[in-house]
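Report on one structure; see the data block that follows.
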Amino acid sequence: MTVIRGATTIGADQPEEIRNAVRELLEQIESRNQLKRDEILSIVFSSTSDIHSYYPAKAAREAGFASCSLFSAQEPEIDGSLALCIRVMLFVEKNISPHHVYLKGARVLRKDLTEKFNIAIDGPAGSGKSTIARLLAKDQKILYLDTGAMYRACALAALRAGINIDNEAGVCDLMRTVSLNVVYEDGIQHTFLNGEDVSDVIREPEISMAASTISKHESVRMKMAEKQREIAGKMSCVLDGRDIGTFVLPDADFKFFLTASPEVRAQRRYDELVAKGHRVDFETLKHDILARDEQDATRAIAPLKKADDAVLIDTSDMTIDQVLRTIKNKMQEKI
Ligand code: DC
């Protein structure tokens, strides 16, 4: 017999949250351990004392785990324990080396695993990095650091100051005088340039190429990478960019490289810009994206490149949910 453990957390004590969390946890345990349902003898849940609205055992039965014995217990209140947490033990009728599954921040319960972890997501423009990074960070209850926003803010500073962004010395002088800060409000990143929230302005299409050009300069890159390492050194986060897995955090715990066909990437950007009310020409946009990729991939310092140990995911024909699931499965495999 084998005992497999797992845990997950929920956002609020609501029946629907409990049902979904229990289903996801059990399905992940099943798939990670290649279990057949009739090999599960018993499932024992314990939940923290802030969970009252539904029995995890009932949720398991409803999720189709009906042929084994099920049991739920409530834990006493313990100072400093993880909030809204459901733990599980599965007793399985075969001898395997178990894959324990810890979802949604519950990984911190495993003291044998590092408590702080970083996820690097790199890839070209429009590959889906930022959407995925944001969702993944929310799912794992960790920070999302959009490193592109930092280069965009540098580019905005240079454009506003009337500095030629190709001129490294001029840009370098300017960088000494600007204050660039990344601040989080309700988990959302706000980028501040000299005290002004420029989070929206830096998304304007004309900033994209300027950000790519300014990011070629060593002085800019070093300054940005230092800031990014400082943030990632303090807390668990998902960072998306071009050089996270290769240069900024070569020791990141998990590394992914997302890509997609140029047509798909251009279409995604096109839809995004049109939704924001921009008038754009698809072919021009596609050309601009390819020119930016070329510039990002051929620069001398920390170019856009897949790290050797990054998992490559072509998102061209995948839904956001499929990409997210693939990433989470790969992370579980590594744990
Ligand atoms: O991810 P983005 O489109 O917001 O990035 C804008 C530009 O910034 C990108 O074309 C290259 C640069 N960049 C970089 O060189 N390294 C990063 N880690 C992130 C962005």
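Any idea which of 250, 329, 232 is furthest toward the positive side of the dipole for the stretch 209-335, if Lys and Arg beta-carbons carry +1 and Asp and Glu beta-carbons -1?
The Cα lying farthest towards the positive end belongs to 232.
Taking every pair of distinct Cα atoms and averaging 1/r, then inverting, what Kirkwood hydrodynamic radius in Å comes out for the stretch 187-335? Write out the running numbers ahead of the final one.
On the way: mean 1/r = 0.0582 Å⁻¹.
Roughly 17.2 Å, rounded to one decimal.
Going highest first, how would you order 324-330, 91-97 by mean Cβ packing within 10 Å? Walk me through the intermediate numbers first.
On the way: 324-330: 16.1, 91-97: 12.6.
Highest-to-lowest ranking by the protection proxy: 324-330, 91-97.
Considering only 166, 281, 146, give the residue with the highest GNM mean-square fluctuation for the chain, with springs between Cα atoms whenever their separation is below 10 Å.
Evaluated over the chain, the most mobile residue of the options is 281.
Using a Gaussian network model of the chain with C-alpha springs under 10 Å, which one of 269, 32, 176 is most mobile by mean-square fluctuation?
Comparing 269, 32, 176 in a Gaussian network model of the chain, the most mobile one is 176.
Rounding to the nearest 20 debye, state how big the charge dipole of the stretch 172-236 is about its Cα centre with +1 on each Lys and Arg Cβ and -1 on each Asp and Glu Cβ.
Numbers: 8 positive and 11 negative charges, 87 e Å.
Charge dipole, the stretch 172-236, about its Cα centre: 420 debye, nearest 20.
Considering the alpha-carbon set of the chain alone, what are its Rg and its Dmax in angstrom?
22.8, 71
Can you give the charge dipole size of the stretch 61-182 about its Cα centre, rounded to the nearest 20 debye, using +1 on the beta carbon of Lys and Arg and -1 on the beta carbon of Asp and Glu? If you can, show how the numbers build up before the last one.
Details: 15 positive and 13 negative charges, 34 e Å.
Here the size comes out at about 160 debye.
From the helices alone, meaning DSSP H stretches of at least four residues, give me the mean residue ellipticity at 222 nm for the chain, per-run term -39500 (n - 2.57), in deg cm²/dmol to the nearest 500. Walk me through the numbers before you get to the answer.
Numbers: 10 runs with 134 residues, N = 335.
So the helix-based figure for the chain works out to -13000 deg cm²/dmol.
What dipole magnitude, in Debye to the nearest 20, does the chain give about its Cα centre under +1 on Lys/Arg Cβ and -1 on Asp/Glu Cβ? Could the numbers behind the result be given before it?
Details: 45 positive and 51 negative charges, 114 e Å.
In debye, rounded to 20, the chain gives about 540.
Out of 292, 37, 107, any idea which swings most in a Gaussian network model of the chain, alpha carbons joined below 10 Å?
Checking each option, the largest mean-square fluctuation is seen for 37.
I'd like the carbon and sulfur percentage of the solvent accessible area for the chain, probe radius 1.4 Å, heavy atoms only, ligands and nucleic acids excluded.
Details: 8230 of 15990 Å².
Its accessible area is 51 percent carbon and sulfur atoms.
As I understand it, the dipole of the stretch 257-302 uses +1 on the Cβ of Lys and Arg and -1 on the Cβ of Asp and Glu, about the Cα centre. Which of 262, 302, 287 lies farthest toward its positive end?
302
Can you give the accessible area per residue of the chain, in Å², using a 1.4 Å probe?
48
The values are calculated or read from the model by the stated rules, or taken from the named source; none is laboratory data. Nothing here was measured: the structure is a model prediction, and the numbers come from that model. Using ideal geometry, Cβ is built from the backbone for each residue, glycine included, and neighbour counts are taken over all protein chains shown. When the accessible area is computed, the model is the full protein with side chains, heavy atoms only, and any ligands, DNA or RNA have been set aside. Shrake-Rupley method; radii C 1.70, N 1.55, O 1.52, S 1.80 Å.
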